[in-house]
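First the structure, in the form of structure tokens, and then the observations on it.
The values are calculated or read from the model by the stated rules, or taken from the named source; none is laboratory data. Note that this is a predicted model, so its numbers are computed, not measured. Because the Cβ atoms are built from the backbone with ideal geometry, glycine has one as well, and the counts that use them run over all protein chains shown. Only protein heavy atoms, including side chains, enter the accessible area calculation; ligands, DNA and RNA are left aside. Shrake-Rupley method; radii C 1.70, N 1.55, O 1.52, S 1.80 Å.
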Amino acid sequence: MAHGTAHHHESNTKRIWMVFIILSIVTLVEVVLGILKPAFLTETSFLSMSLLNWIFIILTIYKAYYIAWAFMHLEGETKGLRRAIVWTAVFLISYLIFILLTEGDYIYEVFNTNHVAWDF
């Protein structure tokens, strides 16, 4: 009876190394792009922000999702819980990006046109 209830422990060494390699590659791409800052990516603008910044945002979101997937064991959870966590995070991050871009563009335009009033 004790033999039937014993848990079989499986080594996840290969999985840990795979997660480490994927996260290292994404981080290395971010670091290389941050050091080199290709002119094409810094001079091209999309939605009031350079393509390089968009690449950083997308890679950072990917890393955050993958860390949650691997280290918080989301791959073993039910579909409803995974969706609740991921959709909430995607909505909040998208909302934050929208607010930052909207307010940042407004501030940029105010300072760019020298239309600053200090009458409090």
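Within segment 58-73, the residues that satisfy the criterion of being of a type in the set (A, V, I, L, M) and without any contact (Cβ under 8 Å) to a residue 12 or more places away in the chain are ILE58, MET72.
For segment 1-43, filtering for residues that are closer than 20 Å to ILE61 by Cβ, over 16 Å from the mean Cα position of the chain (by Cα) and at pLDDT 95 or above leaves 2. Filtering segment 27-60 to residues that are among the aliphatic types (A, V, I, L, M), under 21 Å from ASP105 (Cα atoms), open to solvent by less than 60 Å² (accessible area, probe 1.4 Å) and part of a helix (DSSP H, G or I) leaves LEU41, LEU51, LEU52, ILE55, ILE57. Among the residues of segment 94-106, those that are hydrophobic (A, V, I, L, M, F, W, C) and modelled with pLDDT of 85 or more comprise LEU96, PHE98, ILE99, LEU100.
Only one residue in ILE55, ILE99 is β-branched (Val, Ile, Thr) and touching a residue at least 12 places away in the same chain (Cβ under 8 Å). Which one? So the residue among ILE55, ILE99 that is β-branched (Val, Ile, Thr) and touching a residue at least 12 places away in the same chain (Cβ under 8 Å) is ILE55.
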